[in-house]
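S.K.: I am attaching a structure below and will ask some questions about it afterwards.
No lab work stands behind these numbers, since they all come straight from the coordinates. These numbers were taken from a predicted model, which means no experiment stands behind them. Using ideal geometry, Cβ is built from the backbone for each residue, glycine included, and neighbour counts are taken over all protein chains shown.
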């Protein structure tokens, strides 16, 4: 049975996070079902802008392309439509959607349209991941939607709740925020039962949790609570916390600004992160060594921080981006092995950017994948000494 806590009162404190995917549903972008409205978007835009100013990385998954397209074709109404008409409306609506979001920000927005192939085919997956991480490194806000205009299956199958979970997995996010027009998950249908309790925490998404979901409550979206629970379960299995909350409630957004979740918080599966750490520890062969200074040593071991270029003093080995390296500190008492992690820049690039600021990476290399050298989720500390893999002879 899924564990949940319906009687926990008050907003739930968010665990520390650096990177998040925010999904905004059609009910917030098109509350009347026709065209788009900024009524509920302004507070969300303020949240995104504020968190980016704090140094957080955000990817936005925005529904509403079909609804936005109706503003160009008023004869269309919510309800049953052919796939071709949905695709045509989505094609018209995508530009309106980008204009709508871009007007709120003084940083660049980037449109990313994904298909199922981009998620499930390895080469496309890696390419999409690299593009998104590069955009984050540039300080842009990637705005993601499914490429509805070329979909060959009904759009209801490709709901944006599950797309948001896929994107969260793709960029290795810490947090998935799903904004809708309902406060979260209830232990009964609140539209039918006024005594229904909001469930504040869910520790496992299983059959007992999924059965609490009703149908889609919106005439303009393709999902409902069931797709949100599927997305939360998918994210949890990959070590990502999820919150489902009401984007129409300004108080819920105010709480997020203070790092509290006023909705239903879905805990990540503890084994998921442990499995990744185990994979890094035991399955990846070390291809080089990265030496750090005392400040970086302290941040890595006591603060659970990511390794930044400013903390790197030297590197050795012919490692490539995505390879495993040993992280060491050369102190007065000798070399200390701090851990093992997946590096985001190859040895040549790292030699150029070591000791500098993350903001200087682009100036030194001409590009920037990410502001970190090793992300904290890709680092295992307290590793024993492991020899660097020798190159095979020709």
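S.K.: For a Förster distance of 30 Å, can you work out the FRET efficiency between the beta-carbons of residue 362 and residue 72, rounded to the nearest 0.05?
M.R.: Calculated transfer efficiency: 0.20.
S.K.: For the chain, with a Gaussian network of springs between Cα atoms less than 10 Å apart, report the residue from 141, 284, 89 with the top mean-square fluctuation.
M.R.: Among 141, 284, 89, the largest mean-square fluctuation in the Gaussian network model of the chain belongs to 284.
S.K.: Let me ask something else. What value, in deg cm²/dmol to 500, does the helix sum -39500 (n - 2.57) over DSSP H runs of n ≥ 4 give at 222 nm once divided by the residues of the chain?
M.R.: Details: 14 runs with 133 residues, N = 394.
Taken over the chain, the calculation gives -9500 deg cm²/dmol.
S.K.: Tell me, what is the Rg over Rh of the range 109-148, with Rh the Kirkwood radius over Cα pairs?
M.R.: When Rh is taken as the Kirkwood radius, the ratio is 0.98.
S.K.: Once the Cα atoms of the chain are picked out, what are the Rg and Dmax in Å?
M.R.: Answer for the chain, Rg first and Dmax second: 22.4, 77 Å.
S.K.: Quote to one decimal, in nm, the extra length available between residue 131 and residue 39 on full extension: 0.36 nm per residue of separation minus the C-alpha distance between them.
M.R.: Going from the current span to full extension adds 30.0 nm.
S.K.: Ratio of alpha-carbon Rg to the 2.2 N^0.38 Å globular estimate for the range 275-381, to two decimals, please.
M.R.: 0.98
S.K.: Continuing with the same structure: Go through 53-61, 308-316 and give me the packing order, highest mean Cβ count within 10 Å leading.
M.R.: 308-316, 53-61
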